[in-house]
């Protein structure tokens, strides 16, 4: 999906977050924001939001003294999730439909998104966890269950640090398939990289690959050929989060998207109101519009 | 108070609101936002937020086909407030302390601020009204009561359309003084102008003047000499809303500020957490910091 003018205030806020976390003085911060606003003044609205965001954050990292401004946020979210996940795992195992429950909690984890909001703390996560077990999922859960059950190979595209622990709970339900878990190829916003997958112990239950790209989504042309091969060959592709939806919603192959709608642009594009737990499915060659009708 | 880098995402959002309400096509909208981002890239952080906002919105109005992009929003807020105010007036009159209660409702009306948020509907106002009558007010209400009771002349600086109806309820309590009510000299964001004061019937209980300026606050150097004379001579000056606080908090004369904290920049500067009902008071020559200690 193409970006919207409405993405611009959000990009400014995202960039400001990165600048505030990393720059050493008010003067440096002001200079960096001067650059960001100049870049955004000339942004190409025909690209996807992750493509625009990729350029802004890559340029910012070049000007900042760190190549990973969000490292401490990501570690904090990993620690928060690590503390929560054992009890949730037990709850999932004891439920009457562990697969469905694991889908719900995987989507709940999608709240940990510093692209959509500038701070995510315990309060935000607890609030979502309160109602997680009864959240309706908008999408064909039976088609998803069947696809997962019948798959020999599954590619699971992760989204954010912290969230990735919740993804682990869903991957634990995919006992019949060989699961490959993809992370970003380099740090961008709070998106998960290899170290986050390892922190979540996901190397114990899946093969970890990185996609070779520093976009906060999955821009196939920017990914490694090895990643693209696995993407094309997997029986089932699961794409987690808004960034992966934004960058892959026009791809022709069958994909299951799991995300929580957290911004008005996605809400308008997908047709789901803010806060919805979405399981979007597009079959081979079908458009997302057809998939919803 | 000086603006903060944190004001920039908010300015971008404000400008986007104005552009979306007025521009005729995506191309025009994109061109306008290109200009806004260029202006903001070079914004002077040593000015107050209303001074920066004044320039952006003035330039925008020059490029837009309307000199009042927020006119329909302002009329809607006036209508919403007009429907609410009669019942609130009765409630104030029946309360044990009508003056205190009127202060609470005047501050409640400050929620109608399209500078701080992009949409204010019935839901937002009702939510605030639910708890209005028990809101603690952070400030010396007795000093304010005494100043108002002893004043012969009061200058009341209004903030926004819609909100101005709630200001009317407080002005009705100022029976011993001649009240002059000041509005902006020209449309900017959803700030009240003369027509809004008239829509609220405030010309029946106060003398209406405009301040001669199109800033969303009160920048004295930009106001008319007639306004400045009244500002200097009034026994009591009451300044409503964040914009008036931002632009007048460093002025030497005694001012009572009434506002609800609605943004983190104001929250940090004033020391009050978000959502607080503030009655800030600075005596002649006293700094705001001394006033709080």
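Exactly one condition in (1) farther than 18 Å from residue A:278 by Cα; (2) assigned to a helix (DSSP H, G or I) is false for residue A:129; which is it? Against the list (1) farther than 18 Å from residue A:278 by Cα; (2) assigned to a helix (DSSP H, G or I), residue A:129 comes up short only on (1).
Filtering region A:1-10 to residues that are at the interface with chain B (Cβ under 9 Å from one of its Cβ atoms) and without any contact (Cβ under 8 Å) to a residue 60 or more places away in the chain leaves A:5, A:8, A:9. Total residues in region A:11-24 satisfying the condition of being free of Cβ contacts under 8 Å to residues at least 40 places away in the same chain and more than 7 Å from chain B (Cβ to nearest Cβ): the figure is 1. Only one entry in B:38, B:30 is farther than 25 Å from residue B:262 by Cα and in contact with a helix residue (DSSP H, G or I) (Cβ under 7 Å, 6 or more places away or on another chain), namely B:38.
Among the residues of region B:150-180, just one is within 14 Å of residue B:256 (Cα to Cα) and out of contact with any helix residue (DSSP H, G or I) (no Cβ under 8 Å at 6 or more places or on another chain), namely B:151.
Only one residue in A:32, A:45 is more than 18 Å from residue A:190 (Cα to Cα), within 9 Å of chain B (Cβ to nearest Cβ) and at pLDDT 90 or above. Which one? Talk me through it step by step, then tell me what you get.
Details: A:32 fails: within 9 Å of chain B (Cβ to nearest Cβ).
Answer to the selection: A:45.
Selection of strands (runs of 3 or more DSSP E) fully inside region A:132-245 by the criterion of at least 1 residues being touching a residue at least 40 places away in the same chain (Cβ under 8 Å), more than 18 Å from the chain's Cα centre (by Cα) and surrounded by fewer than 16 Cβ atoms within 10 Å (Cβ to Cβ) returns A:153-157. Quick check: anything in region B:111-122 touching a strand residue (DSSP E or B) at 6+ places or on another chain (Cβ under 7 Å) and at pLDDT below 90? Yes: one or more hits. Within the set A:93, A:79, A:27, A:62, the sole residue that is more than 12 Å from chain B (Cβ to nearest Cβ), free of Cβ contacts under 8 Å to residues at least 12 places away in the same chain and farther than 29 Å from residue A:126 by Cβ turns out to be A:62. Scanning region A:251-293 for residues that are in a helix (DSSP H, G or I) and modelled with pLDDT of 80 or more yields A:264, A:265, A:266, A:267, A:268, A:269, A:270.
The values are calculated or read from the model by the stated rules, or taken from the named source; none is laboratory data. Quick caveat, the model's predicted, so the values are computed rather than measured. Counting neighbours? That spans all protein chains shown, and the Cβs are built from the backbone with ideal geometry, glycine included.
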